[in-house]
Amino acid sequence: MRKLLLGTAAFVLLGAGALAAAYVATDPKLPSGPQAESHGDAQSFSEVEYGRTMLTVADCAACHTAKDGGEPFAGGRPIETPFGVIVSSNITPDRETGIGTWTDEDFADALWHGFGKDGHQIYPAMPYPYYTHMTRRDVDAIHSYLKTLKPVHKQVVSDTLPFPLNIRLGMRAWNLLYFRDGRFAPDPAHDDVYNRGAYLVTGPEHCGACHTPKTVLGGDEAGKLYQGNVIQGWTAPNITGDRRRGLGSWSIEDVVEYLKTGHNRQAASSGPMAEEVGLSSSRMKDEELRAIAVYLKAQPGQDDGAAPVPASDPAMRAGAAIYADSCASCHRGDGSGVRGLFPTLAGAPVVQQLDPTSLIRVVLQGARSAATPSAPTGAAMPSYDWRLDDAQVAAVVTYIRNAWGNQAPAVEAGTVAKSRRAFAEQAHPVE
Amino acid sequence: MRKLPHKDVAIIGLGWTGSIMAHGLSEAGLDVIAFERGPWRDTAQDFPPTYAPDEYRYRVRHELFLRPAQMTFTFRNNPSQTALPIRDWGAFMLGNGVGGGGLHWNAEMWRFEPSQFMLKTHLTERYGAKFIPAGMTIQDWGVTYDELEPHYDRFEYLCGTAGTAGNLRGAIQPGGNPFEGPRSRPYPTPAQKQPFNATLFAKAAREMGHQPFPQPSGNMSQPYTNPLGVTLGPCTFCGYCEWFGCGNYSKASPQTTILPVLVKQPGFTARDNCEVLRIVLDAGGKRATGVVFVDTDGEEWEQPADLVLCCAFTPFNVQLLMLSGVGEIYDPAAKRGNVGRNFTHQTVSTATAFFDPATHRFNPFVASGAIGMCIDDFNGDNFDHGPLGFVGGGYMGQVQTNGRPIETTPVPAGTPTWGAKWKAAVKQNYNSSVYSGSGVHGSFYSYDDVFLDLDPTYKDRFGRPLMRMTIDFHENEHKMSAFLTDRYAEILRAMGATRVDKLPRTGHYDVTDYQTSHLCGGAVMGAEPSTSVVNRYQQSWDVPNLFVIGASSFPQNAGYNPTTTVGALTYWTLDAIVNQYLKAPGPLVQA
C-alpha cells in the first residue's frame, strides 16, 4: 500500500513538474519592498530573547536537533514522511555546513517560500506552507537567536528520498498545487485573543502539518482544517471544536493544561505530541496557549454521522471481557482512568477518532506519556502485542470506542494486522 | 585502571536511600553519580501488569533478586561451626537493580517507637541493668524520635502513606495506634479499606481489650501526587506486592515517587550494571577519594569523588567497609572492632486459623502488601516485661498479603504434604482460613555472638573473601516469640476459628526459612566511636567524607518493618550533609 501510494505520488509529481516549468523560470526568488528590510539583530537582548520564545513556538528543535544527545540545531534527525525519510538540516551558524552565511533575507525566504540560500527547493517536511504566515519580525527574531548559537560543523546529507522524489524541482509543482504564499492577516470579525491564536496555530505552531487531513501528495485537504490525520504511524486527532472527536468537550483550561503539562483531567499526551509538549507548548506562556485554545475550539468539526456499534455485537462482547481482564485495573471499569496517570477513555475524543491508528498502536506497542516539570510522572502503558491477537485487539479497541456512550467505527482484525506489521517495520518510531 | 572525571558525590546503590540522597544532593547543586550493580528497572517496560503477577517467575524463581553467583555470603549459627556458602536465598531476599528492596517490598510503613532510640537507657531505667540478658549488646541510637520526626514525615509524604493517625502532636486519636510516637500531621492519605479477615481480627482484638488500627501502608488507598509532583494510582488489591514490582503505579517505590524527577535532575548521572568493588582511601586511610567499580565487560574503573555514600543493602554496606579497610572488623573473642558488630534480623512467627467453610469465605486474593488490622499492645515496651522475663516485642495483625496460588496452601498440621489428601485439604481450606506470613512481627535484639566478618575459606568471583554471617536466636527471643504467638492465637480463636495451629519461632536460626528481608546492623550508629561505626548522622567515624546509610545503622532491630525508619534516617542525614557538612566538610561529631 505504501509503495503504491509512493508510485502514484511520483507520477503525479513528475507530470505536474513538467507543466510548471515555465512558471518556475520566472518565479521571483525574493520578496521586495519594505518586507525585505532586516529586523534581525543578534546584539539585542530583547530581540534574541523574543527569537528564542518564537523558536520554541515554532518547535524548530523537534526536527533540527537529533535525538539522544544530538547537538542543538545541528540537524541530522531522520524525519519520516509518507514519501520516505528526510534528514533535517544543520541550522547552527556554521558557515560551511550550517546557515552561517545566510542573510536575514535568505532566512526569511526559506521560512516563507521554502527556498534554501542556493535557491534549491526545501521539501515541505519543513513546514514553510505554515511558516509563510509568520511576520517578518518573528522570522527575523528566530534568525537572531540562531545566530547566537555555537556553530556546529556537521555535514548533513538530506537527499535521502528515492528517485524520482529526489528531484527537488518537483517541489515547485507541489507548491503550485498546495502552497499559498502570504502573511497572516487578522480577521476583524474576531477579537485579539482569537486572532493571536489564529496566528500561532496557522503560522509558527503549524498545527495543521499534523492535524489536518492530507491529500495523496501530502498537501492539506481543502475544507478539513484540523479534522485529524495519520502521520508517522500515529493518529493526530481532530482538534476542532467538534464535541465528540475534537476539543468541544474540553474547556479552555483543559486545553491549556494539556498543552502546558501534557496531561489534563482526561488525557495524557504520548508519541509525537508528547515531544511537541516537551519541546514547545510546555515552554510557552499561558496566554498564548489560551489564545490557541480559543481559536481551535472555534473551528468547525465534522458531521460524520457515525452510529455506535451496539453492545450486543460479538466484537463488543468479546471486547468487554478483554477490557475487564487487561485494561480495567488501570483505566477502571467505567473508563474513568486516574488523573495524571491513566487516561480517561469514557467520552475521550482521542479514542473516538475516525481513524483508530493511535489506539491500535498504543495497545500493541504501549506508549510513554509526556513528563513535564509540572507533571513529571511520565507513566507508560505496556505493550500487549505479545498477549492479544489481531481479533482480540480489534475487539477491545472497538469496545473502548463504543462503550460508556463513546461512538466510533468498529475496527477490523485486518486493520490491526496491517498496523502490527507497519509498526514493527517502522525505522524511526517515536517512543 | 582508567580514571573517570571527578564528581562531587559517588553513591553506591540506587534503591530508596541512594535515590533520596541523589535527589537531595543534586538539588543542592552537586554533581552526583550513582552506581547500581543490577539493571535499570522501569514499570511499563520491566514489570508491566501484563506479567507482573507471575508468581512462578518472581516468587519462586526470584526474578528481582541478586543471583548468588554474582554475590553471596557464608552462614553459620555460632562461632564453633564452619560456615558454608548460601547458594539459594531463603531467610531473606536481596533486592537487585534500580529501586532495590524498595521495588519488591510490601510497603508496610511503620515508625519505630520513641523508646527504641533510647533502648538501653529506657530498659535499664525501668527494669534495672540486670534485667537485660547476658551477651545482649543493645544500645541507644544517638538520635531521638523527636529529632527524626520531621524526617519520618517527609518520607511518608514522599510515599503517600495510607493510615490513621494514632497520636497527633500528643493527642491520642480514635482508630489509630495509641502507642505510636507523636506525629506532626496526619498521614497523607486515609487508610486502605480492609478485607473481611482483617475486619474480623480487629473486632475480636477490640473485644479482648486491645486497640486495633489499620497497618500504615505504602499501597495507595487513593490517587496521590507527592511533593515532587509524581503521581501514584489507587491500589487494585491484586495481591502481588512483596517479591513483585507493582505494574499499576500504586505501591510506593523509588520508581513511583522519586526516580521520574531524579532522572531529569541536572547534575545526576546513573550507571546501572556497574558494581562498586571498593571505596578508595587516601594513603592515610582517613579520606575517601572515590570508588572503584567494574562494568559488564569486566573492566575496572576508578571514579574520583569528594563524598562517598554507601547506600547499598545492609550486608553490602558492611561488606564494602570490610573490603575497603574502613574501620576495624569486629572480633568477638578479642572484643575488638565494630564493623560487623550488632548484626540483627527479625523474629517472625505466626499462627494459621481454620474456619467453617460454610460461614467464612475470606477471598484472600483480595489483598495488598500492607493491608491488615494490627495491634501494638505487645510491641517494644508497651507492656510490662517484668513478670515475663524477656525484653522486646512485636506488632501482630491479620496482615494476609495475598492468596497467590502456589504458596497459599494452608492445611491443618498433620495433613500429608502431597497427594490426594493434601489436595483435598487445600481445596477445603483455601478460602476459609487466615494465613499471615508474618502475623507476629517480633524484634531481634543484638548479641555479642551475632555478627558479620570475612570468611577464611570462600571467595567471591573477584577472589575476595565472602562475608560470613554468624547468627542464631537466643532464649530471650524464643520466650518472646512464644508469648507473642500465644497472644496472637488467642485473637484468632476469638475470631471464631475452629482450629488454630501456632507456629512460634523455635530452635536455631534457619537460613532456608523465609522470615522477612529486614537484615539490620553491622555498621551501627551511636554516640560513641567505641561502640559504633557511624555517628548520629550516619557519618563514618574513621573516614568523615564517607556516610553509610540504611538499616546497617540500626544498633538492634525493633518489632516493626524497618523501611520507614531507613527513609527517616536518610532524610536526617541528607539534612545534615546539606546544612552542616557542605558548609564545613569534616566530622559532624567530634569523637
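Read-outs: derived from the displayed coordinates by stated rules, not from any lab. Keep in mind the model is a prediction, meaning the values are calculated, not measured. Positions of Cβ are backbone-derived with ideal geometry, glycine not excepted, and every protein chain shown enters the neighbour counts.
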Residues being more than 17 Å from A:ILE86 (Cβ to Cβ) and in a loop (DSSP other than H, G, I, E, B) - total across the stretch A:106-138: 7
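Within the stretch B:499-506, does at least one residue satisfy the condition of being within 19 Å of B:GLN346 (Cβ to Cβ) and either in contact with a Cys (Cβ under 6 Å, 6 or more places away or on another chain) or assigned to a strand (DSSP E or B) (or both)? Steps first, please.
Step one: list which residues in the stretch B:499-506 are within 19 Å of B:GLN346 (Cβ to Cβ), which gives B:502-506.
Adding the requirement that they be either in contact with a Cys (Cβ under 6 Å, 6 or more places away or on another chain) or assigned to a strand (DSSP E or B) (or both) leaves B:502-503.
Yes: the stretch B:499-506 contains one or more residues that are within 19 Å of B:GLN346 (Cβ to Cβ) and either in contact with a Cys (Cβ under 6 Å, 6 or more places away or on another chain) or assigned to a strand (DSSP E or B) (or both).
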Could you go through the stretch A:406-416 and let me know if any residue there is of a type in the set (Val, Ile, Thr) and surrounded by fewer than 21 Cβ atoms within 10 Å (Cβ to Cβ). yes
Filter the stretch A:315-342 down to the residues that are part of a helix (DSSP H, G or I), in contact (Cβ under 8 Å) with a residue 40 or more places away in the chain and more than 14 Å from every other protein chain (Cβ to nearest Cβ) and list them by number. A:ALA315, A:MET316, A:ALA318, A:GLY319, A:ALA320
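Just one of B:ARG59, B:ARG67 is assigned to a loop (DSSP other than H, G, I, E, B) and not hydrophobic (A, V, I, L, M, F, W, C); which is it?
On the way: B:ARG59 fails: assigned to a loop (DSSP other than H, G, I, E, B).
It is B:ARG67.
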Selection from the stretch A:39-65 of residues that are small (Gly, Ala, Ser) and in contact (Cβ under 8 Å) with a residue 12 or more places away in the chain: A:GLY40, A:ALA42, A:SER44, A:GLY51, A:ALA58, A:ALA61, A:ALA62
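So which residues in the stretch B:222-267 are of a type in the set (Lys, Arg) and either more than 30 Å from B:ASP8 (Cα to Cα) or more than 8 Å from chain A (Cβ to nearest Cβ) (or both), if there are any at all?
Of all residues in the stretch B:222-267, those of a type in the set (Lys, Arg) come to B:251, B:264.
Across the stretch B:222-267, the qualifying residue is only B:LYS251.
Quickly run through the stretch B:454-486 and pick out the residues that are in a loop (DSSP other than H, G, I, E, B) and of a type in the set (A, V, I, L, M). Can you show your working first?
Here is the first cut: in the stretch B:454-486, the residues in a loop (DSSP other than H, G, I, E, B) are B:460-464, B:471-474.
Correct list: B:ILE471 only.
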A careful count of residues in the stretch A:298-339 that are of a type in the set (S, T, N, Q) and over 22 Å from A:ALA267 (Cα atoms) gives 1
When the stretch A:371-402 is checked residue by residue, the ones that are away from every other protein chain (no Cβ under 14 Å) and surrounded by 21 or more Cβ atoms within 10 Å (Cβ to Cβ) are A:ALA394, A:ALA395, A:VAL397, A:THR398, A:TYR399, A:ILE400, A:ARG401, A:ASN402
Can you tell me which residue in the stretch B:382-406 is surrounded by the fewest Cβ atoms within 10 Å (Cβ to Cβ), limited to those that are closer than 20 Å to B:PRO53 by Cβ and within 22 Å of the chain's Cα centre (by Cα)? B:THR401
Among the residues of the stretch B:191-221 satisfying the criterion of being without any contact (Cβ under 8 Å) to a residue 60 or more places away in the chain and under 25 Å from the mean Cα position of the chain (by Cα), which is nearest to the other protein chains (Cβ to nearest Cβ)? B:SER221
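Does the stretch B:269-287 contain at least one residue that is acidic (Asp, Glu) and either surrounded by 23 or more Cβ atoms within 10 Å (Cβ to Cβ) or within 22 Å of B:TRP16 (Cα to Cα) (or both)? It would help to see each step written out before you state the result.
Initially, the stretch B:269-287 is screened for residues acidic (Asp, Glu), giving B:272, B:275, B:282.
Now narrow it down to the ones that are either surrounded by 23 or more Cβ atoms within 10 Å (Cβ to Cβ) or within 22 Å of B:TRP16 (Cα to Cα) (or both): B:272, B:275.
Within the stretch B:269-287, one or more residues are acidic (Asp, Glu) and either surrounded by 23 or more Cβ atoms within 10 Å (Cβ to Cβ) or within 22 Å of B:TRP16 (Cα to Cα) (or both).
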Select from the stretch B:482-529 the residues that are of a type in the set (A, V, I, L, M, F, W, C) and under 18 Å from the mean Cα position of the chain (by Cα) and write down the one among them that is nearest to B:GLY95 (Cα to Cα). B:LEU519
Output for the stretch B:205-248, where each listed residue is aromatic (Phe, Trp, Tyr) and either surrounded by fewer than 18 Cβ atoms within 10 Å (Cβ to Cβ) or assigned to a loop (DSSP other than H, G, I, E, B) (or both): B:PHE237, B:TYR240, B:TRP243, B:PHE244
Quickly run through the stretch A:350-366 and pick out the residues that are crowded, with 24+ Cβ neighbours inside 10 Å and within 14 Å of chain B (Cβ to nearest Cβ). A:VAL363
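Scan the stretch B:92-104 and give yes if some residue there is away from every other protein chain (no Cβ under 14 Å) and over 28 Å from B:THR408 (Cβ atoms), otherwise no.
Initially, the stretch B:92-104 is screened for residues away from every other protein chain (no Cβ under 14 Å), giving B:92-104.
Remaining after also requiring over 28 Å from B:THR408 (Cβ atoms): B:98.
Scanning the stretch B:92-104 turns up at least one residue that is away from every other protein chain (no Cβ under 14 Å) and over 28 Å from B:THR408 (Cβ atoms).
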